[in-house]
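Note sheet for the following structure.
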Amino acid sequence: MVNLQCRTNMATVSWANSGPDQMQVVSARDSRGTVTTCNSTSSNCTFSQLKCGEIYGISVVGLTNNCTSELAFAQRLNTAPCVPTHVTAKVDCNTGITVVTWDAALGATSYTVYARGSLGYNAQCNNTDTNCDFLNLACGQDYNITVVARHNTCVSMVSETVTATTGPCPHSGLRTSLDCSTNRAVLSWTTGIGILYYNATAEAFGSIDKQTCSTNASSCNISSLQCGESYKVSVSGQGLYCTSPAQDWQRVNTAPCPPTQLMVNSSCKSNNISVSWQASQGSVSYMAVAENEQGRRWSCNTSSTSCQISGLLCGQQYNVYVVGIDDKCTGAKSDTKKIRTAPCVPQNIQNHLDCLSGVLNITWQSTGYFLNFRASVVNSKGQMSVCTTPTHYCVVQNMQCGQTYNVTVVAQDEACNSSQSPTEQVSTAPCAPSSFLSNVNCGTGVVSVTWNNSVAGVMYTVSAADAKGARHNCSSTNSGCNLSTLACGTQYNVTITPSRNECVGKGSQTKMVKTVPCVPQLSDVEIDCLTNSAWVMYNESAGAKEYVVVATDTRGAVQTFDCNSTSDGMCSLPPLTCSQNLTITLKAKDQQCTSAPSNSVKTETAPCPPNDVKELVNCNNGTVTITWSAVSGALTYTATLEDVYGDSTTCCTTSNTSCDVTHLPCGEIYIVHVMAEGRTCNSSESEQLMFRTVPCVPENLKASLSCSNNVASMSWSSIKEGQLFSVKAVGTDGHVDECRVPDKQCELTNLHCGQYYTATVSAEDMTCKSKPSENVTIKTVPCTPANVSSVVDCQANSLIVSWSKSSGADSYIATLHDSNNQGTTCQATTEGSCNVTGLGCGQIYHVSVVSSDGYCNSPPTPVVDTPSVPCNAINIRAYMDCENRTAVVSWWPSDGAFSYIAMASTKSGHNVTCETNMTYCDLTELLCGQSYSVSVKAIGKTCSSIAKMTGQLVTGEQHHRGLTNLYSTSFILPSFSTFKKSETMLIY
């Protein structure tokens, strides 16, 4: 008997009739023949490791020490099915069917699938195949899916759990509303089960506009909806894998669009405005609104696109706009336009006139907005003064005297003026004379004042005030009066003031009047010896605007100088003429009068500076002679020499007009000036004269020759800069090359080749030249050989290069390059030629020669091209045409050959030739039955070479037919089956 535990696959086998002292061996054989055993001395035995899904054959045999019982067979044992594997579950979002699949389990005859929902809904499905469909799993749940395998006695362990999420349960109860001010749709709904988030969509019926919002809650707002549109609004849900489609939709009409092209027409004469606009989408009617700054509104309603708003207040600013209206919403405002009604008329005009200043003050009152007020003042002549101000008062300056004015005020804004205010009148003060004249009597000091256009009844008062405020007056109703008590040298401000009926008018323009200046007192005159200018000291006089200095010399010549300085009692004169004795006086002066002259003072100016200063440098001994012209009033002269660096100064003083300066260092630059000395002053320095002493002799002369270009680089040292240097080189052939530079090096570029030069350097300036330096010797590059020629010795196969001897050369080198640019050289010492043997055939040799003195090589000679012996012709062949007694000779081209001569000779002396510039030619008139030796002569430009064909050219005696090939050791021969006596054939 077999008892199986399906959950563990443990099988217990039990039996009866177990004898004493015996062991039972229980065997379990599976379908593949694998045997598992267990041993027991009792009446049962347990298998603990049987495989799932197997069919085992169970047998028992008893064993003792000596015997084995017969086998006892039990019924077959089916172990529990294996656990299903690779379980998958997929939900079809369209049909809602959940399909579960798995791999077949060994031993199974059927399967059961369990689905346990997260919200408590459970279902199962049975099938004998490896798949099962759940048709109606509850929506919006996460299901744990497991599978067990079955047969008739056992159920397997549960498979691994997989999760499947069914489509979400649909939402419901869609509700919509519109925020008219923002055109935002507010949506809400009852949530579904299993929906992660919602997508709300608003699609316009009349356009392609589409707006959305997403949320994981039960409401969301769709913004940015276009005005004046009708939208289809719906909501869909999104589960983990599936979508919950929209269940229904609602229509939402957005607020009307704001009207466009708003136009507002207003009139400065009326407080009514006309408003028009372009119709807007979604609007059933319109309302035009004018709102002032205090928030008060005036409006008009219409179903058309224009209306009039009336009764607006004056002087107010209004914001005008239009809105569209439908059955539910008032749309957004149109663009706002600002307008102002005409300003209100000013009231209560008041004025006050200041007679003296001619200033009219006007005040008024007003209400409402204004930008400015425009006060107009018009006289009887129609002349108008206008004052524009943003305040409630206005000051009109410069009211014309003697006039009656009408005053009105108008309020203004940016576009309109109000009506004029009531008119007020005002009369101005009398006029002052438009002009007057003042005349100063320079002799008496009395000032007469006169004017024109006197008006009857008007008193004119003339007032003269000095700087301290003291006044002198005279009055008249006529056209003039005199001021006789004015002090000299004083400045007065004179005005004329009119008056009538206690209204004092504005005074005339002030005119400045100066009385005659007082006479100045001269105290001293000082001469500035450095500049030859003078300082005049005096006691200042009242009323003087300026001073005039009068200088009289011994000859009676008079010079006058304006002195503009009046401070500190001192006046500076410009530089005076040198070497003069002068008498100085001073006068005070203003714009109209000049005082009498002051007391006089005598003085003497400094000597004139020497001129025509010259220097003479003695180039032999270095002495410098300085000369100048004599100066009037000079007692002695001093000449000063200073080097430009300020390191040394040399002076000489003399009563003559020249002096000599000796022992000055070479190559120095000096500045010389001369000064004259008088009794009290010395003259200023003469104009500076610059000169250079004798140049210094250069030292350390060196020469360096460049072999490549035969240029000698000369260098030397000099203790002084700024000089010009001259290098002179004299060759053994008498040739002279020079270079002149401001530096301490230069190049001699025109040296003759193959010469010895003696070179020196001297320093020079514009006046002198130094002695030459110690000399150096320069050996120049050897001359290039001349008359170069090259000749090929055809017999010896050598090339002889020859040239003429070149000056300065110790040896010569000839360089040859063949056509392949392979080179070789040959050398000679004093000979005029050299020889190169072993020439290659068929080459063109490029030959040049240089000369050398062991240090430098000359430039190479021009290249001379010389061809070598042409190469021998090779692969010579001959073909005999017996019928025409002609042989065709061919060969390969020969390097260096210009033409060829093919020759055929018999021992008897018969010769045949042909000449060609090709690589073949025809030998004609050959004799029959002869053996010819064939050769080809290659002819070059100067030489030729001869090559012979291997073998003989044999002419035949008969004419053959039936040509066949015969063979010799070296050549392929034609053979014949038919012969004619007259035909011959080439054998080679």
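Taking VAL186 as the residue in question, decide whether it is open to solvent by less than 70 Å² (accessible area, probe 1.4 Å), among the β-branched types (Val, Ile, Thr), at pLDDT 90 or above and closer than 30 Å to GLN317 by Cα. No; evaluated as a whole, the condition is false for this residue.
Quick check on ASP129: is it outside any strand (DSSP E or B), open to solvent by 40 Å² or more (accessible area, probe 1.4 Å) and in the same structural domain as SER156 (by the TED database)? It is true that ASP129 is outside any strand (DSSP E or B), open to solvent by 40 Å² or more (accessible area, probe 1.4 Å) and in the same structural domain as SER156 (by the TED database). ALA11 satisfies every condition listed in (1) assigned to a loop (DSSP other than H, G, I, E, B); (2) within 24 Å of VAL158 (Cβ to Cβ); (3) open to solvent by less than 30 Å² (accessible area, probe 1.4 Å) except (1). Flag: TYR855 does not match the condition of being touching a residue at least 12 places away in the same chain (Cβ under 8 Å), closer than 30 Å to ILE901 by Cβ and hydroxyl-bearing (Ser, Thr, Tyr).
Per-residue answers, yes or no, for (1) part of a strand (DSSP E or B); (2) surrounded by fewer than 20 Cβ atoms within 10 Å (Cβ to Cβ):
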{"site": "ARG251", "(1), (2)": "yes, yes"}
{"site": "ASN271", "(1), (2)": "no, yes"}
{"site": "GLN294", "(1), (2)": "no, yes"}
{"site": "GLY311", "(1), (2)": "no, yes"}
{"site": "VAL320", "(1), (2)": "yes, no"}
{"site": "VAL323", "(1), (2)": "yes, no"}
{"site": "ASP327", "(1), (2)": "no, yes"}
{"site": "LYS338", "(1), (2)": "yes, yes"}
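Selection of strands (runs of 3 or more DSSP E) fully inside the range 724-833 by the criterion of at least 2 residues being over 20 Å from ALA703 (Cβ atoms) and aliphatic (A, V, I, L, M) returns 786-793, 798-804, 811-817.
Quick check on SER385: is it of a type outside the set (Phe, Trp, Tyr) and surrounded by fewer than 17 Cβ atoms within 10 Å (Cβ to Cβ)? So SER385 fails the test. Here the condition is being outside the structural domain of LEU225 (by the TED database), closer than 30 Å to ASN221 by Cα and part of a loop (DSSP other than H, G, I, E, B); of ASN94, ASN136, it holds for ASN94 alone. Can you name every residue in the range 772-806 that is touching a Gly at 6+ places or on another chain (Cβ under 7 Å) and open to solvent by 50 Å² or more (accessible area, probe 1.4 Å)? Residue satisfying the conditions is LYS805 alone. Which residue is nearest to GLN952 (Cα to Cα), if the candidates are limited to the range 873-893 and must be buried (at least 20 other Cβ atoms within 10 Å of the Cβ) and either at pLDDT below 90 or not β-branched (Val, Ile, Thr) (or both)? Per the stated criteria, the residue is ALA878. Residues in the range 685-702 that are open to solvent by less than 50 Å² (accessible area, probe 1.4 Å) and either assigned to a strand (DSSP E or B) or small (Gly, Ala, Ser) (or both): SER686, LEU689, PHE691, ARG692, LEU701. The single residue among GLY929, GLY909, GLY896 that is open to solvent by less than 70 Å² (accessible area, probe 1.4 Å), in a loop (DSSP other than H, G, I, E, B) and touching a Pro at 6+ places or on another chain (Cβ under 8 Å) turns out to be GLY896. Under the condition of being hydroxyl-bearing (Ser, Thr, Tyr), more than 60 Å from the chain's Cα centre (by Cα) and in a strand (DSSP E or B), the residues counted in the range 363-388 number 3.
Return the residues of the range 343-362 that are over 60 Å from the mean Cα position of the chain (by Cα) and surrounded by 17 or more Cβ atoms within 10 Å (Cβ to Cβ); say none if nothing qualifies.
Correct list: CYS344, VAL345, PRO346, ILE349, ASN351, LEU353, CYS355, GLY358, LEU360, ILE362.
Out of the residues in the range 389-421 meeting the condition of being assigned to a loop (DSSP other than H, G, I, E, B) and aliphatic (A, V, I, L, M), tell me which one is surrounded by the most Cβ atoms within 10 Å (Cβ to Cβ). Only one residue tops the list, namely MET399. Looking across the range 206-236, the residues that are open to solvent by less than 20 Å² (accessible area, probe 1.4 Å) and assigned to a strand (DSSP E or B) come down to CYS213, CYS220, ILE222, TYR231, VAL233, VAL235.
When the range 513-528 is filtered for residues that are touching a strand residue (DSSP E or B) at 6+ places or on another chain (Cβ under 6 Å) and either open to solvent by 20 Å² or more (accessible area, probe 1.4 Å) or within 16 Å of CYS563 (Cβ to Cβ) (or both), the ones remaining, listed by number, are LYS514, PRO517, PRO520, GLN521, LEU522, SER523, ASP524, VAL525, GLU526, ILE527. No other residue among ASN152, ASN144 is open to solvent by 10 Å² or more (accessible area, probe 1.4 Å), in the same structural domain as VAL99 (by the TED database) and at pLDDT 95 or above apart from ASN144.
For residues that are open to solvent by 80 Å² or more (accessible area, probe 1.4 Å) and more than 50 Å from the chain's Cα centre (by Cα), scanning just the range 736-766, find the one that is nearest to CYS666 (Cα to Cα). Filtering the range 736-766 for residues that are open to solvent by 80 Å² or more (accessible area, probe 1.4 Å) and more than 50 Å from the chain's Cα centre (by Cα), the one nearest to CYS666 (Cα to Cα) comes out as MET766.
The values are calculated or read from the model by the stated rules, or taken from the named source; none is laboratory data. Treat the numbers as computed from the prediction; the structure is a model and nothing was measured. A quick note on method: Cβ atoms are made from the backbone with ideal geometry, for glycine too, and the neighbour counts reach across all protein chains shown. Each accessible area value is taken on the protein alone, full model and side chains, heavy atoms only, with ligands, DNA and RNA left out. Shrake-Rupley method; radii C 1.70, N 1.55, O 1.52, S 1.80 Å.
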